[in-house]
Amino acid sequence: MLLPLSLLAPPLSRAPKMLALFLALFLSPVHASESPAGTFADGGNTQVSAMMMFLGNSRKVYILDKAEGNAAQINGHPAWASVWDIDSHQVQLMDVSTNVFCASGMHLPNGSFVTFGGNGAIGPGGNIGSQKNPSGASGAWDSIYQDFDGSKSIRILNPCNDSDDFSSSACQWFDDPTVLSMQRQRWYSAAEPLANGTVVIIGGFVNGGYINRNYPNTDPMYEGGAAEPTYEFYPSNGQTPQIMNFMVKTSGLNAYAHTYLLASGNLFLQANYSTMIWNPDTNTETDLPDMPGQVVRVYPASGGVAMLPLTLANNYTQSILFCGGSDMPDASWGDYSFPAINTWNYPASRDCQRITPEPADGSAPAYVKDDEMLETRTMGQFIILPTGKLLMVNGGNNGTAGYATATGQTSSFSNMPFDMSLASGPVGTPAIYDPDAPAGSRWTNAGLSSSQIARLYHSSALLLPDASVLIAGSNPNVDVNTTAIFPTQYQAEIFYPPYFSATTRPVPTGIPSTISYGGSSFDVTISTTSYSGSANSAAANTTVVLLRPGWTTHAMNMGQRYLQLNNTYTVNNDSSITLHVSQAPPNANLFQPGPAMVFVVVNGVPSNGTAVIVGSGQIETQATAPVAVLPDSVSLASASGSADGSSTSTTGSVSPSASSSQSHRAAIIGGTVGALVLVGLVGAGAAVWFARRRRAMNAPVPTRPYQYSAAPGSGAGAGLGAMGALHQESPSTSAIAPLTMGGYRDVPSAGQERWGYEAPAMQPFAEAVSSNNSITGLSSQYDPYSAEVMSTTPAGQRRF
């Protein structure tokens with residue numbers, strides 16, 4: 001049984017009255033809705049906590065967790081990866097070699113997916129792995145969890161379907177740093193693809209911590225060896241990683257910097273409260289205005305951030321929306337160890353700001369205040385829906401992401417009110433943002449039910465092909481803890497947006513499998529059974545959109561984009577509608593090459609998404625062509641749809657915006673939060689009351705954490721803020737046995753990495769094999785499936 005989320009807030013009193021309140025709310029009846037619209041449904045058990053997810057294809061969602069003690073076992077060790085079947089809601093476990101904790105990730109042009117970095121090897125209780133790296137500051141491998149150091153790893157997955165042999169190496173994670181790795185250790189790095197499909201990887205921590213700094217912050221560039229302020233590319237261009245000055249400027253609060261490729265080919269970056277445009281070819285930076293109010297949006301403040309839909313009405317102008325996060329004062333953020341204050345008592349922000357980095361009129365970019373959210377929220381996550389609206393899910397009213405056993409104000413874990421969680425007041429009710437609605441009326445949660453599952457740190461959400469939203473994860477704990485106030489969560493849910501009130505969905509035919517950048521148009525047919533009422537009205541209120549759900553982790557969807565394709569239409573004598581659809585605009589900077597879905601939205605009701613590949617499927621300069629001229633729209637007054645009008649109604653949902661109400665030949669014309677916060681700050685659940693009484697029995701017994709300074713093993717301590725390991729006060733520097741995986745040495749030598757990790761050699765990938773022979777369809781120069789894989793652990797056990 002689950003506690004009402006309103007009760008899971010800072011316990012300011014332990015009075016028996018709270019127990020009465022708890023019982024009254026907990027025993028209140030729950031009334032099910034007849035329609036799935038606006039409701040949550042059971043999504044099954046993911047078996048590993050969904051810290052990361054991505055849509056592999058029309059049937060499978062891939063899930064990644066940090067290395068931890070999940071009960072699910074694979075090949076003799078806890079699993080931290082699975083694949084979720086969209087139809088059955090069942091999972092199949094997968095094996096991953098390295099610790100993927102807090103990696104970044106992205107799609108590749110051919111539809112494969114890649115993750116970058118992670119953390120050192122850990123064992124039970126989050127302790128450092130049994131075999132340490134030469135410095136002793138992180139783990140190389142652990143004999144129980146059997147995870148390798150993932151801090152440099154590049155992992156690639158080629159998504160498969162039920163018709164494929166999932167046991168074959170072609171359908172498994174490729175994860176071997178001796179074959180494929182980054183030049184630097186990175187944890188919480190940013191990742192964003194360029195127009196040719198190359199991925200730029202930016203910044204990160206070297207090994208872990210709550211925020212990326214010591215305090216006082218006397219070395220903002222390297223933090224005594226704990227920060228990585230450089231960038232590099234995948235596939236590597238042979239360039240040594242270069243310093244990005246923005247990472248130095250934003251020192252401390254620059255984890256998972258919000259990064260978006262712009263139409264010009266430059267990139268927009270936002271971290272701490274700073275903003276800039278960056279040229280990746282010349283490494284030049286152009287400062288933009290600071291975030292108003294110095295509200296921090298990056299992890300661990302974790303505001304909801306998304307590039308708004310690119311439509312004909314806005315002429316594909318790129319604007320970025322920031323909502324929530326935290327305006328905690330600089331000193332309150334603390335350092336690598338933990339926050340300086342009890343964050344769970346500090347309300348998150350409800351502020352929203354928009355910025356257009358490259359205004360079409362040449363004016364100076366500026367932040368513009370947008371409608372505030374309906375509640376304060378940290379770790380809220382934006383999911384772009386096929387209708388062009390944005391769904392906000394997950395998060396909490398107070399605090400930040402991350403976890404810890406102490407803060408600057410609470411020195412004993414037994415006094416931590418929410419176990420290791422640094423957030424409180426879970427927000428169970430989604431909200432919908434309409435970017436085209438008039439100012440002052442863009443947010444609503446009317447008709448949306450509430451989840452009773454707390455979705456805080458390490459939650460994730462992802463748009464599915466049927467236009468529902470998969471929501472999973474939440475684990476503000478260093479290792480699996482199913483009895484914590486905010487436990488390790490394996491239960492998935494599916495949220496059905498308001499358009500699910502329509503039981504008849506459009507069924508388009510003729511969508512191609514690839515979308516090019518310019519070139520000949522294509523025709524899509526909508527049958528008469530797909531709509532009701534006037535065919536002319538339905539055709540004029542139809543949009544065709546490219547939508548990429550992205551790679552989700554930490555309240556972000558890296559790579560998420562929405563782009564409307566231009567179309568005209570012909571209403572046929574049999575009342576079917578033929579849509580004449582343009583290819584993507586001839587600028588790959590607007591929508592980078594790779595996997596996506598095409599949705600057809602009729603009168604605000606989306607079809608199922610059709611999987612496509614945008615571009616050539618290769619990492620290369622994408623071919624472009626002039627945009628074909630579309631024929632004029634042709635109407636027919638006598639035509640009408642044959643579907644029952646009640647089955648196509650979206651009553652209760654946000655009505656289609658003006659941007660879809662005109663011909664697409666040319667440009668288309670386009671709560672009282674104080675009370676909610678007070679509930680979050682005053683309500684105290686009986687679970688909290690009783691949990692604190694048993695805290696001493698269940699408290700982890702951490703040894704002293706990382707020591708960060710110029711010399712490993714000395715300097716300021718870094719705590720559990722979000723790290724994957726607890727560490728000894730005096731790390732052993734004794735020699736360790738060389739590993740068969742990872743290229744570690746027992747004695748550091750000149751030129752070795754700061755933390756005693758020797759970068760694995762980048763071996764050539766089957767140089768004699770042509771790109772056409774690669775099972776992934778990728779060039780053999782960066783296709784690890786063409787390489788010989790190391791297949792043993794230090795103890796010699798088989799892992800593959």
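Let a ≥ b ≥ c be the square roots of the eigenvalues of the Cα gyration tensor of the stretch 67-119; is it rounded (a/c under 1.5), or, if not, prolate (a/b larger than b/c) or oblate? Walk me through the intermediate numbers first.
On the way: a/c = 2.38, a/b = 1.14, b/c = 2.09.
Oblate is the answer for the stretch 67-119, as a/c is 1.5 or above yet b/c matches or exceeds a/b.
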Pseudo-spin-label distance Asn237 to Asp330, built 7 Å along Cα→Cβ, given in nm, is 3.3 nm
So for R0 = 45 Å, FRET eff. of Ser412-Gln92 from the Cβ-Cβ r, to 0.05, ends up at 0.60
Provide the solvent-accessible area of Leu93, counting protein heavy atoms only and rolling a 1.4 Å probe, rounded to the nearest 10 Å². 40 Å²
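Eigenvalues of the Cα gyration tensor times 5, then square-rooted: what semi-axes does that give for the stretch 399-496, in whole angstrom, largest first?
Details: eigenvalues 185, 61, 21 Å².
Its equivalent ellipsoid spans semi-axes of 30, 17, 10 Å.
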What percentage of the solvent-accessible surface of the stretch 427-584, computed with a 1.4 Å probe over protein heavy atoms, is contributed by carbon and sulfur atoms? 49 percent
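Go ahead and run the numbers for FRET between Ser167 and Thr621, Cβ-Cβ distance against an R0 of 56 Å, rounding to 0.05. It would help to have the intermediate numbers written out before the result.
Working: r = 37 Å, r/R0 = 0.66.
The calculated FRET efficiency here is 0.90.
Using only C-alpha positions, report the orientation-averaged shadow area of the convex hull of the stretch 182-271, nm², one decimal.
Details: hull surface 22.2 nm².
Projected over every direction and averaged, the Cα hull of the stretch 182-271 covers 5.6 nm².
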Between the stretch 397-459 and the stretch 616-640, what is the separation of their alpha carbon centroids in Å? 42 Å
Quick tally, 1.4 Å probe accessible area for Ile613, Ile211, sorted with the most first, runs Ile613, Ile211
For the stretch 35-63 and the stretch 313-362, what is the centre-to-centre distance using only Cα atoms, to the nearest Å? 27 Å
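Take every Cα pair under 8 Å in the stretch 420-481 that's 6+ residues apart, average their separations, divide by the length, and report that relative contact order as a whole percent.
Details: 76 pairs, mean separation 19.4, N = 62.
Averaging sequence separation for qualifying contacts and normalising by length gives 31 percent for the stretch 420-481.
Explain nothing, just the number: relative contact order of the stretch 350-429, from Cα pairs under 8 Å at least 6 residues apart, as a whole percent. Intermediate results must be reported in sequence, preceding the final value.
Values: 129 pairs, mean separation 18.4, N = 80.
Normalised by residue count, the contact order of the stretch 350-429 is 23 percent.
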Taking the Cα centre of the stretch 103-212 as origin, sum charge times position over the Cβ atoms of Lys and Arg (+1) and Asp and Glu (-1), and report the length of that vector in debye to the nearest 20. 500 debye
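Please say if the stretch 221-329 is rounded, prolate or oblate, where rounded means a/c under 1.5 for a ≥ b ≥ c the square roots of the C-alpha gyration tensor eigenvalues, and otherwise the choice is prolate for a/b larger than b/c and oblate otherwise? Numbers along the way, then the final one.
Working: a/c = 2.09, a/b = 1.13, b/c = 1.85.
Note, shape of the stretch 221-329 comes out oblate.
At 0.36 nm per residue, and after removing the present C-alpha to C-alpha distance, how many nm does the segment from Leu636 to Asn279 gain when stretched out fully?
Working: separation 357, 0.36 × 357 = 128.52 nm, distance 5.04 nm.
Extra length from Leu636 to Asn279 when fully extended: 123.5 nm.
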Can you give me the solvent accessible area of Thr282 with a 1.4 Å probe, rounded to the nearest 10 Å²? 80 Å²
Give, in whole angstrom and from largest to smallest, the semi-axes √(5λ) of the equivalent ellipsoid of the stretch 123-244, with λ running over the eigenvalues of the Cα gyration tensor. 28, 23, 12
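Label the stretch 375-423 by shape, choosing from rounded, prolate and oblate, from the square roots a ≥ b ≥ c of the eigenvalues of the Cα gyration tensor; if a/c is under 1.5 it is rounded, and otherwise prolate applies when a/b is larger than b/c, oblate when it is not.
Numbers: a/c = 4.67, a/b = 3.86, b/c = 1.21.
Prolate shape, in that a/c is at least 1.5 and a/b is the bigger ratio.
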Between the stretch 88-151 and the stretch 475-531, the alpha-carbon center distance in angstrom: 28 Å
Counting only residues 5 or more places away or on other chains, whose amide H sits under 5 Å from the amide H of Ser274 once H atoms are built in the peptide plane? Met291
So what's the convex hull volume per residue for the Cα atoms of the stretch 546-594, in Å³? 97 Å³
At a Förster distance of 25 Å, what's the computed FRET efficiency of Ala446 paired with Ser646, Cβ-Cβ distance as r, to 0.05? 0.75
Fully extended, how many nm does the chain gain between Gln294 and Thr429 (0.36 nm per residue separation, minus their Cα-Cα distance)? 45.9 nm
Over the stretch 291-428, calculate the relative contact order: mean separation of alpha carbon pairs under 8 Å at least 6 apart, over the residue count, as a percent. 24 percent
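Over all directions, what mean area does the Cα convex hull of the stretch 316-402 project, stated in square nanometres? Don't skip to the end; give the middle numbers.
Values: hull surface 29.8 nm².
So the Cα hull casts an average projection of 7.4 nm².
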Accessible area per residue in Å² at 1.4 Å probe, computed on the stretch 62-117: 19 Å²
Give me the accessible area per residue for the stretch 538-628, probe 1.4 Å, as a whole number in Å². 23 Å²
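The values are calculated or read from the model by the stated rules, or taken from the named source; none is laboratory data. As the structure is a computational prediction, the values presented were derived from the model and not from experiment. When we count neighbours, we look across all protein chains shown, and the Cβ atoms used for this are built from the backbone with ideal geometry, even at glycine. In case anyone asks, the SASA skips ligands and DNA or RNA and just uses the protein heavy atoms, side chains included. Shrake-Rupley method; radii C 1.70, N 1.55, O 1.52, S 1.80 Å.
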